[in-house]
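The values are calculated or read from the model by the stated rules, or taken from the named source; none is laboratory data. Source: prediction; values computed, not measured. In this analysis, Cβ positions are derived from the backbone assuming ideal geometry, glycine residues included, and neighbour counts consider all displayed protein chains. For the accessible areas, the whole protein counts, side chains as well, though only heavy atoms, and no ligand, DNA or RNA atoms are used. Shrake-Rupley method; radii C 1.70, N 1.55, O 1.52, S 1.80 Å.
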Amino acid sequence: MVMAAITYISQILNGMMMVAMIFQTLSRGMAAARRLGEVLDTDPSIVRDETLPHCTEGQKGTVSFRGVRFAYAASSKNVLHDIDLDIAAGETLAVIGATGCGKSTLANLIPRFYDVTGGQILVNGTDVRAWELSELRERVTLCLQKSELFSTTIRDNIAIGRPGATQEEIEAAARAAQADSFIRQQPQGYDTPVAERGMSLSGGQRQRIAIARALLKRSEILVFDDATSALDLKTEAKLYEVLNRDYTDVTKIIIAQRIASVQNADRIVVIDGGTVAACGSHRELMASSPIYRDIYDSQLREEATA
Ligand SMILES: Nc1ncnc2c1ncn2[C@@H]1O[C@H](COP(=O)(O)OP(=O)(O)O)[C@@H](O)[C@H]1O
Ligand SMILES: [Mg+2]
């Protein structure tokens, strides 16, 4: 009798707890749905400006900065100012400068993740604000220091660069990115699943998968924002060698910390105080730019002590 009562009561209590849990899940889900709805309903602030001229067959692969000024919010101070720069099709332009000087900001302005506060940026001769956003971002590929990897195979992670790419194209991109040999050493080669956020891979391996993805896209303008920071100098040098040899039609903008990474670029831009402090080849800058020489000397010292 007592046993039966206890059993029934505990069953009822269990049931009540289930109901409470369902309500909790339901209310959480509803709050999440509301927030998601708000995001989806937001009108994008970055849209095509119909009033600006758009030349469809402009100078393919060129990027120009005309008096560019940028601040993150209307009230805050300028991160960049008076940037004037013409980047030719197929050129390799390196960007170097202290941490926080605005290199990533500069990179983000090209695919129009932010709008300039003053001046203008032209891609293929057309103001980025006049491009249909999808068309602009087809032409400009940004490869980051930390790119997202997804919980799927290595092959599929690379293929995100161009859905529908063939096996050969994927493997060619991986070879160019110096990733092919380590991928083949994985337990299932290209079909090895990548663990959550790529934790099963080293930083340099993750970066090379991201680079393969970017190369596979084959867009006209390739921006590397510290995208090779975790590669050793030898692997990095091999990558740049391939880029210079096989990607001559692609405009390469390479942001880097190490002078060793960029000294073979056609031109190197030194950013200081939010603007272009010097621009030229490695040899020219060594002769003419005290800031560049300072960076060079400090990196030599670091190497010596390491
Ligand atoms: N989303 C942001 N909002 C406000 N300030 C930012 C944002 N991103 C970067 N900054 C600021 O802009 C400056 C330049 O940053 P960044 O472009 O990342 O420099 P770098 O890539 O050269 O290290 C820094 O002072 C940084 O604090
Ligand atoms: Mg940066």
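Quick notes on this structure:
- Build a GNM of the chain with springs between Cα atoms under 10 Å apart, and of Ile253, Ile271, Ile160 the one that fluctuates most is Ile160.
- Average accessible area per residue (Å²) across the chain - probe 1.4 Å, nucleic acids and ligands excluded: 55 Å²
- Simple point charges give the picture: +1 on the Cβ of Lys and Arg, -1 on the Cβ of Asp and Glu, and for segment 205-306 a dipole about the Cα centre of about 380 debye.
- Inter-probe distance in nm under a simple model that places probes 7 Å from Cα toward Cβ, at Leu26 and Lys234: 6.4 nm
- Placing unit charges on the Cβ atoms of the charged side chains and taking the dipole of segment 126-257 about its Cα centre, the candidate lying farthest along the positive direction among Val250, Ala214, Ala237 is Ala237.
- Annotation for Met17 and Asp249: the two label points, set 7 Å from Cα along the Cα-Cβ direction, are 6.7 nm apart.
- Max mean-square fluctuation residue, GNM over the chain, Cα-Cα springs under 10 Å, options Met286, Met18, Met30: Met18
- Cα-centred dipole magnitude for the chain, charges only on beta-carbon of K, R (+1) and D, E (-1), debye, nearest 20: 660 debye
- Positive-end extreme of charge dipole, segment 11-142 - chosen from Val39, Gly61, Val19 (charges on Cβ): Val19
- Looking at the chain alone, DSSP beta bridges between its own residues are antiparallel in about 50 percent of cases.
- Three-way shape call for the chain based on the alpha-carbon gyration tensor, with the a/c threshold at 1.5: prolate
- Accessible area of segment 142-192 belonging to carbon and sulfur atoms, whole % at 1.4 Å probe: 49 percent
- For segment 63-305, relative contact order (Cα pairs under 8 Å, six or more residues apart, normalised by length) works out to 26 percent.
- Length gained on full extension, Ala98 to Met1: 26.9 nm, using 0.36 nm per residue less the C-alpha separation.
- Using a cut-off of 20 Å between Cα atoms, the listed pairs Lys103/Lys252; Lys77/Lys103; Lys77/Lys252; Lys60/Lys146 include Lys77/Lys252; Lys60/Lys146 as exceeding that distance.
- Taking the Cα centre of segment 164-208 as origin and assigning +1 to Lys and Arg Cβ atoms and -1 to Asp and Glu Cβ atoms, the resulting dipole is close to 240 debye.
- Cleavage-rule hits (GluC sites (Glu not before Pro)) in segment 231-306: DSSP loop, at most 16 neighbouring Cβ within 10 angstrom: none
- Using the Karplus relation 6.51 cos²θ - 1.76 cosθ + 1.60 with θ = phi - 60°, the per-residue 3J(HN,Hα) values for segment 274-284 come to x, 8, 6, 8, 7, 8, x, 6, 3, 5, 4 Hz, with x marking Gly and Pro.
- Cα lying deepest toward the dipole's positive end in segment 63-305, options Phe182, Ile268, Val116, charges on Cβ: Phe182
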